[in-house]
1. Would you list the helices (runs of 4 or more DSSP H) that sit entirely within the range 9-98 and hold 1 or more residues that are touching a residue at least 24 places away in the same chain (Cβ under 8 Å), of a type in the set (Phe, Trp, Tyr) and surrounded by 15 or more Cβ atoms within 10 Å (Cβ to Cβ)?
2. Residue by residue through the range 289-325, note down the ones that are at pLDDT 85 or above, hydrophobic (A, V, I, L, M, F, W, C) and more than 14 Å from residue 276 (Cα to Cα).
3. Which one of the conditions (1) within 20 Å of residue 231 (Cα to Cα); (2) of a type in the set (A, V, I, L, M); (3) modelled with pLDDT under 90 does residue 334 fail to meet, given that it meets all the rest?
4. Given 126, 186, 161, which one is farther than 15 Å from residue 107 by Cα and over 20 Å from the mean Cα position of the chain (by Cα)?
5. Determine, yes or no, whether residue 205 is outside any loop (DSSP other than H, G, I, E, B), closer than 21 Å to residue 303 by Cα, under 19 Å from the mean Cα position of the chain (by Cα) and among the β-branched types (Val, Ile, Thr).
6. Determine the pairs where a residue that is touching a residue at least 24 places away in the same chain (Cβ under 8 Å) and part of a helix (DSSP H, G or I), located within the range 171-187, has a partner that is aromatic (Phe, Trp, Tyr) and surrounded by 14 or more Cβ atoms within 10 Å (Cβ to Cβ) with Cβ atoms under 6 Å apart, the partner being 6 or more residues away or on another chain.
7. Being over 23 Å from the mean Cα position of the chain (by Cα), in a helix (DSSP H, G or I) and of a type outside the set (Val, Ile, Thr), is that true of even one residue in the range 215-231?
Amino acid sequence: MKTPRAPWLTVLPGVVAVYGVLAAASLLLGAEHVSLAQAWTDWRAGLSLADSPDLSILVQQRLPRTLAALIAGAGLALAGCSFQALLRNPLATPYTLGVASWASLGAWAATVLIYGYGYPFWIFGLPTVELAAFLFAAANVTVIYLLAIGKARMAPTVLLLAGVTMGMIANSGILFMRYLADPERLVVMDRWLMGGVDVLGFGPVAGLLAGVIPCSILLLLQSPKFDQLGFGEELAAGRGVNVRQLQIVTFFTGSLMTAIIVAKVGPIGFVGLIVPHAVRGVVGSRHRLLMPLSLLAGGAFLCLCDIVARRVLPGETPIGIITTLIGGPFFIYLLVRRRFTDWQT
């Protein structure tokens, strides 16, 4: 296993500087010009949001959107890094394993049931859409988990193919939900499937924080175990790692976090795939360093993509399209330049 190539004290200041630049750019750029100086003056003067257009746009639109991008990107990158470490496969992410597709199917199904058949918005005090997204994602990851540890245990590559197949089944389910949806709802959900962090207010941000923070902490606590797992399951178990428990925690925590993110901002691909590889190329494969930096880099990457999404077309390009256009060529570059020796046994 490779050793870190750059210590925290070298990397962290650069990450903080990038975050500051991206956050400022995200607050300033958009369809409407916003003056931070005027917004600050209006806030100091005690003006309400209704009386200050600059302050209203900044507080109700730009700031929640920036925070949503940072949080969602961080969660997706950390989940991808964790799945890659657990399965020792450079292509393993909640998206390639079908988790995001099944979470999308759950959200679609709940939306159709709510608006088409009068089902309640809340069940047991939980939002129906988010609850359905998690339950469908949990069902998918349960199947993947059983395939990973069952008697006919699959190799990581075959397991990945099983995940892709599960994702295709979920996509068929989404097509069926589209067939059942009314035309007006169909347009809204199709736009949602393209992904977007253009949230209004801090409600969605609070929901993301409530889900991503505890899941991220739980996954980050597993980083020393992932370092041991890199030497093989038997050796890790000999060093005191409960491999079965690590599998359960990673599978279901990563899936829960992905489901929450998908329910709030839609499916946004490639973040969990390319960000950990890009960070690994800088700091090496020690997960105590790789995982927290992947979390930070994922937020920065999605925030950058959101900024690009606002400037590509006169209107606004869905962020899922931007992450694919950036992530696809970049990942091909990684495939050409690197051999992914970390996963060779």
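1. Details: elements: 36-44, 53-57, 63-87.
The helices (runs of 4 or more DSSP H) meeting that bar are 63-87.
2. If the condition is that a residue be at pLDDT 85 or above, hydrophobic (A, V, I, L, M, F, W, C) and more than 14 Å from residue 276 (Cα to Cα), then 303, 304, 305, 307, 308, 309, 319, 321, 322, 325 are the ones that fit.
3. Among (1) within 20 Å of residue 231 (Cα to Cα); (2) of a type in the set (A, V, I, L, M); (3) modelled with pLDDT under 90, residue 334 violates only (1).
4. Details: 126 fails: farther than 15 Å from residue 107 by Cα; 186 fails: farther than 15 Å from residue 107 by Cα.
Just one listed residue meets the conditions, 161.
5. Numbers: outside any loop (DSSP other than H, G, I, E, B): yes; closer than 21 Å to residue 303 by Cα: yes; under 19 Å from the mean Cα position of the chain (by Cα): yes; among the β-branched types (Val, Ile, Thr): yes.
Considered against the rule, which asks whether it is outside any loop (DSSP other than H, G, I, E, B), closer than 21 Å to residue 303 by Cα, under 19 Å from the mean Cα position of the chain (by Cα) and among the β-branched types (Val, Ile, Thr), residue 205 comes out as yes.
6. Listed pairs, sorted by first residue: 174/108; 177/108; 185/115.
7. Going residue by residue through the range 215-231, those that are over 23 Å from the mean Cα position of the chain (by Cα) are 228-231.
Those still in the list that are in a helix (DSSP H, G or I) too: 228-229.
Keeping just the survivors that are of a type outside the set (Val, Ile, Thr) gives 228-229.
Among the residues of the range 215-231, at least one is over 23 Å from the mean Cα position of the chain (by Cα), in a helix (DSSP H, G or I) and of a type outside the set (Val, Ile, Thr), which makes the answer yes.
The values are calculated or read from the model by the stated rules, or taken from the named source; none is laboratory data. This one's a predicted model, so the numbers in the text were calculated from it and none came from an experiment. When we count neighbours, we look across all protein chains shown, and the Cβ atoms used for this are built from the backbone with ideal geometry, even at glycine.
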